[in-house]
Each structure stands twice: as C-alpha cells, then as structure tokens.
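Single-structure report; data block below.
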Amino acid sequence: MSPSHGAPTLPTGTDYPKMNYDAGAKWIKHLTQGRLGTFNGGHYDSVNLGSVLFTQRLDDSQHVRLQVWSAPGLSKPTFEEAMRQKFMPAKKGDSFGPSWVCYLGRARLTNHWWKVSITIPASFQKYERVQFEFDPGCEAMIYTTDGIPLQGITGGYGGDRRVEHIIPESARKAGKYDFVIESSCNGMFGVPWNGDTIEPPDMNRYFGLASADLVVPNQEAWRLLWDFQTLREIADSLPGNTSLQNKALVAANEIMNVFNKEDPASITRARKIAEEVFGKAWDKEGEKVYEKGASEAVIWGIGHCHIDTAWLWPYRVTQQKVARSWSTQVDLMDRYPEHRFTCSQAQQYKWLEQLYPPLFERVKEKVLAGKFHLVGGSWVENDSNMPSGEALARQFILGQRYFESRFGIRCETAWLPDSFGLTGALPQLIRLADMKYFFTQKLSWNNINTFPHSTFNWVGIDGTQVLCHMTPVDTYTAQATVGDVNKGLTNHKNLESSDISLLVFGNGDGGGGPLPKMLENLRRIRAASNNSREIPPVDMGHSVEQFFDTIAKNSAAGKKLPNWNGELYLEFHRGTYTSHGSIKKGNRKSEILLRDVELLATLASLYKYHKDYIYPNEKINDCWEKVLLNQFHDVLPGSAIGMVYEDAEKLYTEVRKDGRQLLEDAFGALFPKSVPLSDCMTHANKSGRLVAFNTTFFPRRDVVQIPLTGGAASLKSQVVQASKDGTIGYALMDCSSGANVSTTMGLFADSVFTNGSDNFVLKNASIQLTISKGRITSLFDVELGRELIPQGQTGGLVIFDDRPNYWDAWDVEIHHLETPHPVQFSNLSVVAEGPLRASIKSVIKYRQSTITVTISLDAITASMKKDSRSMFAFDAVVDWHERHEFLKFEVPLNIHSDYATYETQFGYVQRPTHKNTTWDMAKFEVCGHKYADLSEFGYGVAILSESKYGFSCRGNVLRISLLRSATAPDAEQDQGLHEFSWAVMPHKGSFLESDVPIAAYLFNSAPHVRYLLDGSAEFPLLKAKPPFVLKGDRNVFLETVKRGLDDDFGSKELTSGTTVVLRLYEAFGGHGRVKLHIAKHLPVAKVVTTNLLEDEGSLMTLVTESDKSLSLTLDFHGFEVKTVKIAFGKSSVSSQESPVRESWVTVDDDDL
C-alpha cells in the first residue's frame, strides 16, 4: 500500500532479522562490575594489563651502579657535606636504617645518600620514555649532581607511591646519567610501631631497597590503564542506574575482552573503545580538553599538598618533605600545563629558601608565572582555638609580610583546612590582614551534627564577614576521582545560592601532593563530561582567588548566601585543649613575655638614657617566629609524637631565655641601676627599694613574694608579712593610679585568716571558702551573706576515666562525664596566716601521682573596680604518672543560667549549659582562654586560668581541665612534673557588670619586680606620667604597644620616621568610646588608624588638652580590634615644638 499523501518520510533503518536463534545480550551487571577489579595486578598479574606496563627492566651492575653513605646519629647533612663523604658500594635488596637514633640526647631520623650512575643502552632510544625506578620503601629526593632538587620519591605500595624518575632526553642520547638520591627512614605518615597511624613511632625500623631499576614503561599501556580506571570509577561512583554509568561499564568490560597481552595492537583497539565515553580523539587535545564542553565548570580543581609542619615527624623532617613535595609539583607543571598548585605556610617557604636555595628560585619562578599559588597569609596553618588574639594577628602579619617581601604578593585567601575548630575572632583578623576569603573543611569531621553549609558568609563575633567555602568533597587531600568530583556537586549544601565547589586534590598531611595519575584522571573526567551531563564538568588552570571571585560575583557579593555567625566549633578533638599541658603553658607564657618585651623595648627606644640601645626588632621577630611555629595545629593541640615536643620545649626555652634578656636590656636602658628580683639577694645589702613595672594598662594592687634570705634580709622593712620560716616575705605593690611603676605600701585593707581544725576556712572581709572532709563545701559572699555552693554538693579536684573511641590525644568523648572520681584535699596544713595572705596546702597521693595544691586568699580584691571581690588562687605542683585519666577542678554553683561565658581572642563566646539539642550537647568540652564564667542577674563566679584552655559547664557545675594522660601518638604525654595555677573569683553583678576580664588579664600578667639601687630616682621615668593612657569606657582594652613594622631599626639615632603602634579592642561585646591620651613630652607628628599590616587608613584628629597632652577619641563597636600608629617628629598639633634629642623625649618637672 502506498504511503498517504503528505505523510513524513522515515529514514531507512537497519534490516531487522525475522528469526533469532541467539541467547540474547542480557548481562548480570554486578558480576560484570566485579570483573573490572581483575584487569590490573593481583592474582592475574601475569596475564592482565599489569603484565605489559613495562617493556624493559634492567637492574644489573652494568646498567645501574649504586653507592651509599649512611649518616646515622648526625643532624641532617647538607648536599655539600654529604658529597664529601666516603660512599660504599650498594645494591638492590640492601636494608638500611634504623628509623631513629639518639644523638646528643635527642632522637634523629637517619638519612642515607646514594650516588647513582646509569648506563643507558642505545636501543632504548626508540622508546617514548625511559625511567629510573627507585623504591626504598620510604621517602627520598632526587638531586642533580650539582645539588639541585628535582623531585620527591615515595616508596612502598600505597596510594601515594611515586618511585619513577624520567631520564632526560639529553642523557638518553649520551647513554650516561648520574644523579644523587637522599633517602630518609620514614614513611609519608612516619613509622608507627604497629602500623596504626596514630601510634608512637617504631624507633628501630629498617627499610629495604625494593627496586633500583632502569625501566622502559609502555606508555600506551599506561594510558589504557588510566582510561580504564576512569571508566571503572564512573561505573562504580555514579549513583543509580544512569546512561553514562552503564556506558562506562560496557566500555570497560569490552576493553577487557579486547585486550590480549600477546597482541600489542590490542592496546590501541582497547583505547579506541574508551573514546565512546571520552569522545573521539579526545587524547590529542591534551590540556585543551578543558576548553571544550561546558562554558562554566561546576568543579574547580586545584592541586594542593597539605604538609603538617610537625605531627608524626619533627620539624626537621618537614623541611625535607617540603623540598620533596614542591620539587615534584614544579616538575609536574612542566609536563601538565593546566596544573596549578597552591600551598600555604610562610614558615615552609622560609625553610625552603634557607635550606634549598636553587629549588626556592624554581618555586619563585612558578609563583611569578601564576602556576604556584600562595594562600593562607599566615606563618603556619595554626591552631585557631588557643593562640591569643595578638598571636593570631602575628600569624597573619609575619606570613603576609614574608610573602610580600619574597614574591611581591599578598594572599587574598586565608587557609586553615585542618585546624580543630575556628574562633569567631578570625573573620575580623582575616579582613584586617588584607584578605576576604576563607577556606576550611575540618567541620566535616563533626561526630554529632552535620554542618549545614558549604558556601556561606562567615560572620565573626564583631560582625565582620569573610566569604567561606567548606568544600563539599570533605577533604583537602582528594584523589581526583570521579567520586570526588561527583561529591563536589551532590554533597553541596547550598546549591540554591551557589553551585560551584573547590576540589582540593593531592596527597597530603605527610606531603606529596598531586600525582600524574590524578591529572590524567581529571582530563578524562572532563572529557566524559564534555560528552555527557551526568558527570559535573571539572575545570583546571585557575587559582583559588578566581574561584572565590566567581562566587562573590554570582552571589551578589554574598547577599544570596546564608550566614553563619560566631565560632566554627569542631565537634571532635576536644581533648586537644588540654593534651600536653607544658606546651599550653609555654604558649601562654611566651605570648605574654613577648607582649611585655615589646612594650618595654618601645619605651626604652623612646626614653633611653644612653646611646647604645636599639629596638631589637630582629630578635623579637625571631622569638615570635618560634612561638608561631609551635602554634601549628598538631603541635599546640598536643597531638604530635614525643619528638615534636622535645623540639617545641627547646624553642620555648630559647624564647624564655632571649625574652628575659631582652627585658633586662630594656630595663637597663630605662633603669640602669636596677636588678631583677631574682638577683636582689646579691644586691640587697646596698640601699635601695622595691618597685614593680606594670605592663598592663589597668590600675592594680598585687601581693608579691620577696626572698628574705642572705643579703635580702634587709628587705624585711619593705614587706607586710613574712612566712613562718622567715625565708619569704609578702609585699603589697600599689599601682592604683594606673601608672606603669608601682611601689610598696603598707596594709590598707582587712586581714585574711584561716581556721585550720576539722574545717579549713579562708576568709577576708568579702568572701570565704570552707574545706570540710577534703572537699570545698562552702563558697560564701560575706558582704551579701550569700552561699554560692548548693547544699549537698561539693567542689574540688575530680578525675574522669579518659578512653576515647580512637583518637587518643585528640579526643575526649561525652561518656567520660559518666565516670567521675572526686579527689579529696588531704594532708592539709596552714602555710600562711595573714594579714596580707592566708594559704593552706594539700598534698594528695593519688595512685602513682602526687598532687600538691596551695590555696591562697589575699587581703586585696581581684581588681580596682568598686565592689570587686577577692579571689581564691590555686597553685598546683603535680607529679603526674597516670594513664588514660583526666584531672579537672570543679565547683557547683547556686546559679542558674542557660549559658556560660568563655574568653576567646579579643572577646568572649557564650555556650549552652543545657542539652536541649544535639548542637548544645556537643559542647560538653570547650576552649576558653583566661576565664570561664557562670552568671545570673546580680551575681556570678568565674574560674581564671594562667595556662589552661579546656573548660566545661554542664548545668550548674563549672569546670576547668587540668591534665590528661593519653598514650598515642606520644606514649609519655603529660608524664612528669607540672606547675600551674587557676583561681575561683566570685563577683557581684552579672558577667557584663563584672571585672572578670580585667581580673583574668591581671592574673596572667604579673608585675616585673625590680630592686632599684639608690640613685635611680634621678631618672624621671620613675615618676613620669605614662606615655599612653586610656580614659573613658571600661570595655576597651589596650593590648599591644610596639614599634612600627617599617621603622628603621638599624640606626641608634631616632628619626622623624619613628612610629609606635598600639592595638586595642573592645572586650565586652558592646559599643565603647575612649580617649587615648599621649603624654605631652612625646613629640607627635600624626596619628593614623591602620590594618594589621599597618597600611595607613584614617588620619585621626588630635586635641591639645589643658595639661598640654594630646588626645584622640576612638570609637569601638562590639569586639572591634583597632590598630593605631603614632608617628613622631615635629608636632603638627602643638605650637610648642618638642626637640628631637639623643634621648628622643624630654621629661620636665611639670610632666611628672
């Protein structure tokens, strides 16, 4: 029958047979999928693709000649030092080690140097590539014979394996190739004794040289392997039952059918099958494959190598890891033009600059070419919980200035992917460091709640925001698989407002970075997405900043994004606030020491009374670099191996020694005829008097201990109270005027006393504490007649079982709170009975440990605020020898509040005391700095800390965490002697009405007591008005006084370019206004506000006060940090010019 008029003409189809005698093509999908795992290696290695990956392999002495020099027991030798040694013959199969040896009392990694001489057969000229395969089972680095690092080696058979070194074409033509290899006896993740990553290291592991072979890879077979792996990933990773998934599975299955190890041409035919998924002739496009397909990529790939500055290895091993990893990336950039690599941590760049100058220049070349990207802007990837606000500022200041000085570049993106929680103070500091973007991902490790955002505005405690991306891939060490790429889309929590994700790929933690197979895989994934919409398109060749710029543009500068306000609390690794108590103490004490050094050095450079004093900027920065280095996010948290803490303690010792000397140098310039309290015994026979320098800007009174033995016995006239044995005196130092210098005074307040019989009572006119049967049974406000401990409850020391589910040094789990073991204060005795200080002492024997606690009450109040109460100080000396037990101090309170308040950097954070939601429950152990407070209307109680960071408040029980005792990764964590203090401070009024932040500040900042020999009074500074005084609202604190970053520190003569920088902050979370008064004897040219990097901002208006001092008004919003730079020279304000003199300032009688 003819077709109807007007009916469409159908295309002629394939002839469809009438009869069918076949069984059909139906498959059993899961069996076909399972088959794919047999195509390479394994049981069928002799017949599958693995059998043809190499065409030639030679390891005989005719072609490979090895010599080795082992350097056990020595610190890491340089290349030049190693080359001068006597090398011995070596061969494949030799073993070398041990992993660590003890040298000069310290454990050191053993290094082995290899001279390699290769003879290349002429017949190898025909091959596409010739390689040297070196597998020492550990990490290594290849150098030229001139000492230029070429690439890293990672031995073993893990996913980070890279054992091949491509022999240059010139060497192949010459037939000879000589080079040097340095191997180090550690794996990428150290050498754990039983293979479990977090266990302590095996100090006696030996490694074997598994291969040292001249090989010819079958490049086409390798390309087929990469094709097949991508196809398999598509088949295994794409969810559901999709067209592309099945297409990839069919292609992979057919490749296995086509391949024949006896037929080299089958490899080419098999690769042709892969084009059904990747596109015809896609391989010829190379890096241009990213120019095809979607115009806007969903996944942005960036190579990265997270190198823990110390963790399961010490700092000196990291220096090698940096060189290995970064040389590898420079090599990959030359082979893969689309490869962009990003790395943070200025400290690691500085190490490279110092130890590997030729490699540093190669890296710098790639940085300037836009291929090697700087991120982070910080000295190290620091812990964000425990460093002080000023220390966090210095992380950014030193980091940004290093990058700018070496590369002419400032980072725009802050980068902390692995830090264990992030303080809400960071957004403001990031913006003040000239950055606006932030990358992290650690909150994907939360063990209770899932963080709800991927791309969002992170709003800090002061209201400042940064654009934050928390990669949906949930890792900073992605392997660039199909699963990683797909997760970047399917796990994105904010697709309604932003649909792009950052794929941060490359081996990390122990270094390494991207591998060739990752870059090959990404090319194939992009090729597949160019032909299918079922896999997100991935893009390469761009920077992290370009990624964030795109988000900012597409989200209307963040207006379309959700907000997260306050801290990014990690619901994991809560034990790190307490682990390794000595490191926490070293950090806190070093931060305060350097604050004091900078203040005194600044004053000494302005008020000096002799020519020779120069502000020691280089030494101060050197100290800061050491402190900042120890703030790395596996060092300060206490989660590294024991060797790391040997290094960290050494650095703190150096800072303490250098800092004290810098203080003495400054005091020598300010008070030439003075000695520190520790030396007064040898000088006290000379007439003089005690003074104390107050490095805070708060008025204060302090009770200080004065030695009274030997020559110091003459000081008895300057103390109010002596100990029973007469060796120690207690002096009352008065600085209530707010000046810098305080002097001794007589008793002005009620005395304190004890009643040590069955009950031990410490009492003064305002508060009272009672210990009965070894527990604190009463905390009583005498003035108000208010009992603060509920009836039936007691306070004191308590020990909990501490057995986390896995991460020993890192975690404390919520179930530890189910196992309290109250500890009684035992062997109590009265050691001081007033009138200035009353103290009782307890010596507690607990299993293998001895806990000695002295509880003291002074006659003075915690601060000079009206209605301030005294505080009870607890000074502990603990000889700790427990395992998996957690020591805390607790006080139950007759106070009800849904929130407790904890100090954080430049402010505070409030956290729930209840368990309404799982978000509330998760905060059962939290980080605080100098105080934790529980208050209600009218009253509150705070615990003050001088070196501890872990706190808890569940219901009405406020706790401070004192000591842990984990055994991994440091088997001896916290074993031994500890000295630390805390205090219990009742206060009238709620927290916002209290003096808790001021009292905590003073508790951490002891005055510097000096003995002034007669004649010192001739120096006017002793009575001069303070150079800088704040007047106005009490919520603004002056934190830092230092010299400007760009001052000329080399000249002994002060110039008109001299500047002083002050950093202030609002501490209570509200608006504040203060006047900053600058003493009239300082010749001020101008005052400007700046950011942390001291880029000048607004010019401040200066007003001449009636006393001829200058003042400026500073307005703050809640938790705002403000930096002010004062430039000295000819005054542009006062008509009366102050001359520039040798001592810089003139202090006249009317200035006193």
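The values are calculated or read from the model by the stated rules, or taken from the named source; none is laboratory data. Because the structure is a prediction, the values reported are computed rather than measured. Cβ coordinates were reconstructed from backbone atoms using ideal geometry, including for glycine residues, and neighbour counts include every protein chain displayed. When the accessible area is computed, the model is the full protein with side chains, heavy atoms only, and any ligands, DNA or RNA have been set aside. Shrake-Rupley method; radii C 1.70, N 1.55, O 1.52, S 1.80 Å.
Structure summary
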| quantity | calculated |
| --- | --- |
| For residue 492, solvent-accessible area (1.4 Å; no DNA, RNA or ligand), Å² | 10 Å² |
| Charge-dipole axis of the stretch 409-553 as Lys and Arg at +1 and Asp and Glu at -1 on Cβ define it, positive-most pick from 476, 414, 518 | 518 |
| Anchor residue 92: lysines whose Cα lies under 23 Å away (excluding residues fewer than 8 positions away in-chain) | 115, 176 |
| Compactness index (Cα Rg / 2.2 N^0.38 Å), the stretch 299-565 | 0.96 |
| Spatially proximal aspartates and glutamates relative to residue 1025 (Cα-Cα < 15 Å; intrachain offsets below 8 disregarded) | 1105, 1107, 1148, 1149, 1150, 1151 |
| Loop trypsin sites (Lys or Arg not before Pro), the stretch 774-866 (other Cβ atoms within 10 Å of the site Cβ: 13 or fewer; DSSP) | 847, 866 |
| Positive-end residue of 155, 140, 82, charge dipole of the stretch 54-217 with Cβ unit charges | 82 |
| On Cα atoms only, tilt of 346-355 relative to the major axis of the chain in degrees | 70 degrees |
| Dipole in debye (nearest 20) - the chain, about Cα centre, beta carbon charges: Lys, Arg +1; Asp, Glu -1 | 460 debye |
| Within the chain, longest stretch clear of exposed GluC sites (Glu not before Pro) (DSSP loop, no more than 14 other Cβ within 10 Å) | 497-782 |
| Per-residue HN-Hα couplings for the stretch 488-505 [Karplus 6.51, -1.76, 1.60; θ = phi - 60°; Hz; x = Gly/Pro] | x, 9, 6, 9, 6, 8, 9, 5, 5, 10, 7, 10, 10, 9, 9, 9, 9, 10 |
| Phi to ³J(HN,Hα) by Karplus 6.51 cos²θ - 1.76 cosθ + 1.60 over the stretch 365-379, Hz, x for Gly, Pro | 4, 6, 4, 5, 7, x, 10, 9, 9, 8, 9, x, x, 10, 5 |
| Lysines with Cα under 20 Å of residue 517, excluding same-chain neighbours fewer than 8 positions away | 272, 284, 288, 371, 487 |
| Shape of the stretch 1024-1132, Cα gyration tensor, a/c cut at 1.5 | oblate |
| Simple Cβ-charge dipole of the stretch 1024-1132, Lys/Arg +1 and Asp/Glu -1, about Cα centre, in debye nearest 20 | 440 debye |
| Crossing angle, helix 642-670 versus the chain [Cα axis fit, 0-90 degrees, rounded to tens] | 40 degrees |
| 5 angstrom amide H check on residue 1040, placed H, neighbours 5+ away | 1063 |
| Whole-percent carbon and sulfur share, accessible surface of the chain, 1.4 Å | 49 percent |
| 5 angstrom amide H check on residue 1032, placed H, neighbours 5+ away | 1075 |
| 0 to 90° range, to nearest 10: angle between helix 265-278 axis and the chain longest Cα axis | 60 degrees |
| Rounded if a/c under 1.5, otherwise prolate or oblate - the stretch 759-1004, Cα gyration tensor axes | oblate |
| Whole-Hz couplings from phi, Karplus 6.51/-1.76/1.60, listed for the stretch 112-122; x for Gly and Pro | 9, 10, 10, 9, 10, 10, 10, 10, 9, x, 4 |
